[in-house]
Each structure stands twice: as structure tokens, then as C-alpha cells.
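Everything on this sheet refers to the single structure shown next.
The values are calculated or read from the model by the stated rules, or taken from the named source; none is laboratory data. As the structure is a computational prediction, the values presented were derived from the model and not from experiment. Glycine also receives a Cβ, built like all others from the backbone with ideal geometry; neighbour counts cover every protein chain displayed. Just the protein is used for accessible areas: all its heavy atoms, side chains included, with ligands, DNA and RNA removed. Shrake-Rupley method; radii C 1.70, N 1.55, O 1.52, S 1.80 Å.
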Amino acid sequence: MTTPHVGRPPAFAFLESPLDRAEHLRDHADVLAARWPRARVVVLDAEGRAAAESDGSPRMLEGAGLAAATGGGDMAASALFLGLRGDETWFAVRAEAIAGNAVTAGIPRWVDLRGAAATWPAFEATAFAQARAVLHWQARHRHCGVCGSALEYRRAGWLGWCPRCELEHYPRTDPAVIVAVTDGPRLLLGRNAGWPPHRYSTLAGFVEPGESLEQTVAREVFEESGVRVRHSHYLASQPWPFPSSLMLGFTAWAEPDEPEVGDELEDVRWFTFDEIDAALRGQSPEGGLLLSPSISISRWLVEAWHAERAPTD
């Protein structure tokens, strides 16, 4: 049994052109403050949307302009340091931290992360994803989980420190498997009730404590479909900051069981190569199969399965 697309470069959002996170600079507030005036700054609103131009393209602000509009001060001390790209230093701030000034008033549009992933250049979309994930963690973790005291954010926004019990809190990432399940000639896909009509995707689920990734694959596939997995193989991963997941992409070989719908999905079914082929070509008949958008690892897993089985000239 071959492994689909080993070595194939992944092509989905939030993966290309990442920043050099320069972790060694997070403890050097003086260096970051000196870099602030010429820094590029991603501004996010309370809903996690990023500042954009009227046409939806990214609007990255400059540190000096933000400092002037807010009356100066050490803005770098409260901003999230994202990292470096060459000579550029990148930060992120919440719009509420600079609200009421000409800079935020002049922002014509706010774009959500899914929209940015589909239309922005890869680098800007990846920086936005990083900023959204960490700022969302800060917004949802304002107090110590042990004693309830308000946290102080240190290390350029990457550490929440409790002044009472001195416990350290770090941004969380929730691992989840996403799986292209095949019995050989067919691919198993499911759909949630809230999705657009005819949209199907690869199966996915979160890793539970004390569980290996391979065990998660087998458990989640069985829970969602009743299909028994024989073995699985890891292929690639994708940061998925909606709000804080890491999608771990697998292919799995399964028994040709008849799918049984459980409590989590509206429908689960096997699709033939011809059905997948038509959907990827945009040639499915009306009411036919719709696949996940190209920003997601789910689509890449489907494409990998398809490519491995496509006839060669």
C-alpha cells in the first residue's frame, strides 16, 4: 500500500513565509522599544478581525504613527511581538488599546481570518493568524487558573505571570487530527449540519489526554462514522487559529464498513474517485459534492488522495 503524496509540498493557508519569531528578543524590552518606531503593526479588533484597506487588502500600520496618534509612551511594552522578517520587526495590538484616535478612525475595513487566508498574500495572512491566536489566548486567559488573580503579560506578550502565586501561563495549542480515510478505491467524507448544502470534508477530532495520534485517528473515525481503521500515516500539519488548534493531517486505511451516522455529523458516506475527481474539477452535477476550500488542509488531503490514484499518461 503506497503512502499518498509523501514529499508533496503542502499548499494551504498559514504555512508559507512565516516570521522568524526571534524568541531570544522577547526578554529584551529595550531592544523591542528601539525597534518600535519603524515596526510593522497588525491591528485586530475585538472580534479578531484585522485592519484592511477599502478593497480588503492588508493595512499594516507603522509603530511611529501609532505612538504619535496615542500620545507617545512605550507601546512596544504592551504590544505582542510577532517576530522579524529581514530588517522588519512585526508586532500586533488590539484596536481597543489605541481606540479613539485618528489611526483607528481611519481604518476603512476589517477582515476576518478566513477572508484574509483566501485573498491576502501568504506572508501577511500567516502573520495575521499568529497574532489572532495569541491575542485570543490573552483575551480568554486574563486570570490565573489557580488563584484567580489578574495576570501580567510578560516576554513581549507570550507569558502570563500571576503576581500572587507566581504561576506562569503560556499560550495553548489544541492538537487535532484530520484524516483522509480510504478503503482503497473510495474516500470517506462527512458533513456538519451547519455547513453549506452538499459540503463534505475529511473527518477530524481533538486529541484526548493520554492518547497517541494514531489512537485518536482510530477512535475519532469510529465515533463519527462506525468505520474501523486498520492503520494510519502522518502527512502534514496546519496551524488552525479558529481559535487555537493545530491540525495534524493523516491518511488512514480502513475496512469497507457501511458508515453509520452518530451524534456529531449529519451525514457520512464513501465517495468514489470519479465523484472526487468531478468535485475537484468543479464539474459535479447540480446538487453534487462540494469540498472544503483551498485554505484548509482538508482540501489538500483530498487532493493528495486523488493525485495518488489519478491515471498517468
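Summary table
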| item | result |
| --- | --- |
| Yes/no for Val103 being modelled with pLDDT under 95 and in a helix (DSSP H, G or I) | yes |
| Residue count, the stretch 112-138 (criterion: open to solvent by less than 30 Å² (accessible area, probe 1.4 Å) and not in a helix (DSSP H, G or I)) | 1 |
| So Ala97, is it closer than 22 Å to Arg35 by Cβ, in contact with a strand residue (DSSP E or B) (Cβ under 6 Å, 6 or more places away or on another chain) and of a type in the set (A, V, I, L, M) | no |
| Residue match in the stretch 14-29 (condition: over 18 Å from Leu135 (Cα atoms), assigned to a helix (DSSP H, G or I) and touching a residue at least 24 places away in the same chain (Cβ under 8 Å)) | yes |
| Count of residues meeting criterion [in contact with a strand residue (DSSP E or B) (Cβ under 8 Å, 6 or more places away or on another chain), open to solvent by 10 Å² or more (accessible area, probe 1.4 Å) and either at pLDDT below 95 or hydroxyl-bearing (Ser, Thr, Tyr) (or both)] in the stretch 169-183 | 2 |
| Qualifying residue in the stretch 242-251 (condition: at pLDDT below 95 and surrounded by 17 or more Cβ atoms within 10 Å (Cβ to Cβ)) | yes |
| Subset tally (residues that are touching a residue at least 60 places away in the same chain (Cβ under 8 Å) and either more than 27 Å from Asp277 (Cβ to Cβ) or not polar (S, T, N, Q) (or both)) for the stretch 161-194 | 21 |
| Neighbours by Cβ (under 6 Å, 6+ apart or cross-chain): first from the stretch 121-139, under 11 Å from Ala50 (Cα atoms); second open to solvent by 10 Å² or more (accessible area, probe 1.4 Å) and in a helix (DSSP H, G or I) | Ala125/Ala117 |
| Of residues in the stretch 187-214 being of a type in the set (Gly, Ala, Ser) and closer than 12 Å to Arg269 by Cα, the one surrounded by the fewest Cβ atoms within 10 Å (Cβ to Cβ) | Ser201 |
| Selection count, the stretch 146-162, where residues are in a loop (DSSP other than H, G, I, E, B) and either open to solvent by less than 60 Å² (accessible area, probe 1.4 Å) or at pLDDT below 95 (or both) | 6 |
| Meets criteria (touching a Gly at 6+ places or on another chain (Cβ under 8 Å) and at pLDDT below 95) for Ala46 | no |
| Pair list, Cβ < 6 Å and 6+ apart or interchain, from the stretch 268-290 residues that are open to solvent by less than 40 Å² (accessible area, probe 1.4 Å) to residues that are of a type in the set (S, T, N, Q) | Val268/Ser225; Ala278/Ser284 |
| Test: residue in the stretch 101-122 that is among the basic types (Lys, Arg), more than 30 Å from Ser294 (Cβ to Cβ) and out of contact with any Cys (no Cβ under 6 Å at 6 or more places or on another chain) | no |
| Among residues of the stretch 218-240, those that are in a loop (DSSP other than H, G, I, E, B) and either among the hydrophobic types (A, V, I, L, M, F, W, C) or buried (at least 21 other Cβ atoms within 10 Å of the Cβ) (or both), counted | 1 |
